[in-house]
Amino acid sequence: MPSRPDSGLKVVGTGVYLPARVLTNADLEKLVDTSDEWIMTRTGIKERRIASEQETSTFMGVAAAKQALANAKLKATDLDLILTATVTPDSMFPSSACRISAELGATGCPAFDLQAACSGFLYGLIVADQFLKTGAAKNILLVGTERLSSVVDWRDRNTCVLFGDGAGAVVVRREPDSRGLLATDWGADGASSELLHLNNPMARGKAIAPPAPASPDCIVMAGKEIFKQAVTAMADSARRSMDKAGVRLEDITCVISHQANIRIIDALVEKLKFPRERCFANVHRYGNMSAACIPVALHEAASERKLQQSDKILLVAFGGGLTWASAILEW
Ligand code: UT7
């Protein structure tokens, strides 16, 4: 019987922020050569949210964080670590975590960003767990916030129909009566990063070097290959986490996976032989919000009372890097 790490991590508050502006598939039909029928059958996405100029990653992250703190009945000054997962920070520095910290009034609290694309929130949860286990932090705010509409090529029908904007946040702390993260698994394959990437135009082609050859500063993706790798990597990672935790499929009450495409979610549960009805999905409403997908899904599943105390939840994600991660979380 594999040993179960007694982390005690508990999600004590969740929050979300979703921009009010809805971009439907019909709206996209006016932008690129696509159709509601193609998008629905190939991705399951019906609509996505698009941020206004004011709704930056920081703005959305702050709103989600405030809700998570209120639900946790904690003040920003109770926090002793702020982590933000994002690929669309307002600035390279200060980090989004520092910007969010300033807006919350958490002066002095250590704050930093971590970046693992769509796996970013789960990477953040694994990092947070280490700080809780060592006692280095007691109350941690973890935010996933993305403004992907800024980095999507709106002329490219292969990618622009897939992504959306939004933020989710959780407050985690160590609780003596909680078994928390029963097991986790994470990994990366930088050698395959070309399959899905977003260049940083600020970091190249300056002053003394001749300008870099033209290269798109929008999301670039080899969709078919990423689809296959996402299903395999998430299924393998999920199995490793379940093995480490010593839990069987029938012990898992809910699967919350990264929300990129309903066909990826269907293929994943089929590969795991997990009942589809116990798998949470909201991709039809928001599209792929990268690091914000899992915290938004967690918040919605909890609000809809789909998560009960002591439930064992499988969280699993895959994204650019390439990166993947999974966790078995006892709610
Ligand atoms: O978060 C992790 C990152 N992202 C993902 O996990 C996404 C992974 N990939 C996918 O979800 C899917 O591969 C896509 C949704 C991106 C594409 O679906 P697909 O079934 O793999 O389609 P495809 O790329 O093979 O394209 C099929 C056809 C092509 O036309 P031809 O070459 O067969 O004539 C595309 O040009 O569909 C065409 N197409 C479209 N048609 C209408 C591609 N995008 C569109 C579109 N509307 N938006």
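Kindly state which strands (runs of 3 or more DSSP E) lie completely within the stretch 1-104 and contain at least 1 residues that are within 21 Å of Asp165 (Cβ to Cβ), touching a Leu at 6+ places or on another chain (Cβ under 8 Å) and hydroxyl-bearing (Ser, Thr, Tyr).
9-17, 81-85
Would you call Ile264 assigned to a strand (DSSP E or B), at pLDDT 95 or above and surrounded by 22 or more Cβ atoms within 10 Å (Cβ to Cβ)?
no
Any idea which of Ala291, Ala267 is touching a helix residue (DSSP H, G or I) at 6+ places or on another chain (Cβ under 6 Å) and in contact (Cβ under 8 Å) with a residue 60 or more places away in the chain?
Working: Ala267 fails: in contact (Cβ under 8 Å) with a residue 60 or more places away in the chain.
Exactly one residue qualifies, and that residue is Ala291.
Leu69 fails exactly one of the following numbered conditions: (1) surrounded by 19 or more Cβ atoms within 10 Å (Cβ to Cβ); (2) free of Cβ contacts under 8 Å to residues at least 24 places away in the same chain. What is the number of that condition?
Of everything listed in (1) surrounded by 19 or more Cβ atoms within 10 Å (Cβ to Cβ); (2) free of Cβ contacts under 8 Å to residues at least 24 places away in the same chain, Leu69 misses just condition (2).
Please enumerate the residues belonging to the stretch 225-261 that are under 10 Å from Val316 (Cβ atoms) and assigned to a loop (DSSP other than H, G, I, E, B).
His258, the sole residue that qualifies.
Which of the residues spanning the stretch 131-162 are touching an Asp or Glu at 6+ places or on another chain (Cβ under 8 Å), within 16 Å of the ligand (Cβ to nearest atom) and in a strand (DSSP E or B)?
Residues satisfying the conditions are Glu146, Arg147.
Failed condition for Thr84, given (1) among the hydroxyl-bearing types (Ser, Thr, Tyr); (2) surrounded by 16 or more Cβ atoms within 10 Å (Cβ to Cβ); (3) away from the ligand (no atom under 16 Å from the Cβ); (4) more than 20 Å from the chain's Cα centre (by Cα), with all others met?
(4)
The values are calculated or read from the model by the stated rules, or taken from the named source; none is laboratory data. Here the structure is a predicted model, which is why all the values come from computation and not from measurement. Cβ sites come from the backbone with ideal geometry, for glycine too, and all protein chains shown count toward neighbours.
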